[in-house]
1. From the square roots a ≥ b ≥ c of the eigenvalues of the alpha-carbon gyration tensor of the chain, which class results: rounded (a/c under 1.5), prolate (a/b over b/c), or oblate?
2. Cα axis of helix 278-298 to longest principal axis of the chain: angle in degrees, 0 to 90, nearest 10?
3. Helix-derived [θ] at 222 nm for the chain: sum -39500 (n - 2.57) over DSSP H runs of at least 4, divide by residue count, nearest 500?
4. Which angle from 0 to 90°, rounded to the nearest 10, does the C-alpha axis of helix 82-110 make with the longest principal axis of the chain?
5. List the lysines whose alpha-carbon lies under 26 Å from that of residue 94, not counting same-chain residues fewer than 8 positions away?
6. Could you check the spin-label model distance between residue 15 and residue 59? Points 7 Å from the Cα along Cα→Cβ, value in nm.
7. Starting from the Cα of residue 306, step 7 Å along the direction of its Cβ; do the same at residue 127; then give the gap between the two resulting points in nm.
8. Measuring from label point to label point, each 7 Å out along Cα→Cβ, what is the residue 178 to residue 205 span in nm?
Amino acid sequence: MAEVLSIALMGKPLWMWAVFISVILLLLAFDLGVLNRGNGELGIGKSLWLSAFYIGIAMAFGGGIWWAYETGRLITEDGSHAGIAYFTGFFIEKALSIDNVFVISLIFAFFAIPAKYQYRALVWGIIAVIVLRGLMIAAGAALIQNYGWVLYLFGAFLIATGIKMLVVPEAEPDVSKNPLVKFLRKHLRVTDEQHGQAFLVRKADPRSGVMSTYATPLLLALIVINIADLVFAIDSVPAIFAITTDTFIVYTANIMAILGLRALYFALAAMVHRFEYLKYALALVLVFIGLKIFWTDFVGKPHPAVSLGVTLGLILGGVLFSLWKTRRQNEPA
């Protein structure tokens, strides 16, 4: 058994992956079996407490990575400190996910999903995210391993994305015009009404009278949310690969950040408008991380703590500035 657990998978022993997947499965079981029991609506207070719980788990896991790598004298594949790389990737993904909250809230509003059913869609969505992000990260790792110059493409993409976020006004997405929504409505039988927490229901076809399977609006919302998450991953996955090429660090930091976002969603959705200036800080983070790739190769590798410090400083500055600038938005006229 010990020999099996020591088999390397994407550069790390199988036991490390087994520990991480076990933690995720336990948290999902807690979500589905305890938190999501019944149709209770998740309030802002409970959302904040749960988010603090998930962030605590992520921090503890990062501490475990720090300890495991240090005691085993393991470093990330690009030579950076594993613990610092994990926390830098975690904070980047967490901050980038705030934009995702805004899009998710628009999707739920478009499909008229009641708040008491939204958490179920978000929890099941994380299961798909675990698989889809894993495939994206594995593909990225394979590309970098076989074609090192791909990192330069990642860096250039991050710089271009950051500059675009700084200079191009952000338009509110129109879910009704989304090609995926049009495709799903055209090729699936979809009910007009909600059916509680059900994703699929059996009902008679109005034309033939034959019992058929119909997708509910909740299922369509779940599908569109997961595709939107993949679109957001196009930014976040290269950003973490720019921090470290250690696949284990990239994957665990990514999933840990997204896992807690499901709990934080209900608090953030109510005040996402208060973070309107955060996108400029995130844009600067992307430009910084992209430039770091070129700086490392042509000038020299900065200490990993520099990346963590700059990332945290920009994100925290963006949050505080946003809250300060929008402090009077909810005050009565």
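1. Working: a/c = 1.72, a/b = 1.39, b/c = 1.24.
Prolate.
2. The angle comes out near 40 degrees.
3. Working: 11 runs with 229 residues, N = 333.
Taken over the chain, the calculation gives -24000 deg cm²/dmol.
4. Between helix and principal axis, roughly 20 degrees.
5. Output for residue 94: 12, 46, 116, 164, 279, 292, 301, 325.
6. 2.8 nm
7. Inter-label distance under the simple model: 4.5 nm.
8. The modelled label-to-label distance comes out at 2.8 nm.
Laboratory data are not the source of any read-out in this text; all were calculated from the coordinates shown. Source: prediction; values computed, not measured. Glycine also receives a Cβ, built like all others from the backbone with ideal geometry; neighbour counts cover every protein chain displayed.
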